[in-house]
Amino acid sequence: MSILAQRLSSRIERGATRNVVHPSRIKVYTQNGNLRQVFPSGRLKHTFDASHGVRSQSDYMEVLGAFYAVMGTPYDGLLWRDWADYIATQDNTVCTAVGGGTYQLGRVYSFGGVDYVRTITRPVNDGTLAVFDSGGSPLTPTVNYATGTFTVASGTPATWSGYFDVPVTFTDNEWRANLEVSTQNLHLVNQSIMLEEVFE
């Protein structure tokens with residue numbers, strides 16, 4: 001999978017609607033009305049409606065350009081900053097060993113003593129990413145910023161800090177917008193512009 005390492009403008013991202021979806025949960029109601037749930041896959045998916053962040057013609061043209069880049073070139077998607085959740089700290093992260101001395105960055109969501117670990121594949125390469133051992137001492141990582149994996153020369157990684165993006169693609173195969181005419185000028189009105197997280 002080839003993700004274009006480019007984000008949309010922050011003004012578009014910040015205005016978007018954010019959703020977290022379980023893509024395969026099955027709800028079964030028994031004859032007496034009880035609910036039974038089946039979770040075939042435990043991986044939650046993040047989706048975004050970018051149309052709410054489009055406020056100008058330049059915003060519109062930027063998102064339209066991104067649609068053409070994803071749909072008409074070898075790229076499968078682009079990067080997205082979820083402004084509601086993009087900061088990794090030592091308190092909300094984990095480093096998971098994946099074999100061969102390699103570790104994977106993870107974001108931890110906790111409630112009632114239960115943890116859900118989300119794999120982070122696109123940490124931001126801005127010089128802020130740091131890795132720590134269980135005692136909080138910094139380690140020296142060699143990071144693959146296209147996978148979120150890393151190695152260290154010595155020590156055992158436990159947590160990390162920095163920023164991360166979400167790899168996304170357009171959910172729909174078509175672009176929908178309409179042109180409205182007023183006495184002052186023309187307005188481009190978007191339908192929903194849905195983006196969904198892709199798992200690399």
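The values are calculated or read from the model by the stated rules, or taken from the named source; none is laboratory data. Being a predicted model, the structure only gives us computed values, none of them experimental. Please note: Cβ atoms are built from the backbone with ideal geometry, for glycine as well, and neighbour counts cover all protein chains shown.
The set of residues in the stretch 68-85 that are out of contact with any Lys or Arg (no Cβ under 8 Å at 6 or more places or on another chain) and crowded, with 18+ Cβ neighbours inside 10 Å comprises VAL70, GLY77.
The rows are residues; the columns are (1) at pLDDT below 95; (2) outside the structural domain of LEU8 (by TED's automatic domain parsing).
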| residue | (1), (2) |
| --- | --- |
| VAL114 | no, yes |
| GLY127 | no, yes |
| ASP133 | no, yes |
| THR142 | no, yes |
| THR147 | no, yes |
| ALA153 | yes, yes |
| ARG176 | yes, no |
| LEU188 | yes, no |
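For the stretch 42-71, residues that are in contact with a Phe, Trp or Tyr (Cβ under 8 Å, 6 or more places away or on another chain) and farther than 26 Å from VAL21 by Cβ total 0.
Being among the β-branched types (Val, Ile, Thr) and in contact with a Lys or Arg (Cβ under 8 Å, 6 or more places away or on another chain) is the filter here, so list the residues in the stretch 13-46 that pass it. If the condition is that a residue be among the β-branched types (Val, Ile, Thr) and in contact with a Lys or Arg (Cβ under 8 Å, 6 or more places away or on another chain), then VAL20, VAL21, VAL28, THR30, VAL38 are the ones that fit.
Every residue, every condition in (1) closer than 30 Å to GLY113 by Cβ; (2) in contact with an Asp or Glu (Cβ under 8 Å, 6 or more places away or on another chain), yes or no:
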{"position": "ILE3", "(1), (2)": "no, yes"}
{"position": "VAL28", "(1), (2)": "yes, no"}
{"position": "GLN31", "(1), (2)": "no, no"}
{"position": "VAL63", "(1), (2)": "no, no"}
{"position": "MET71", "(1), (2)": "no, no"}
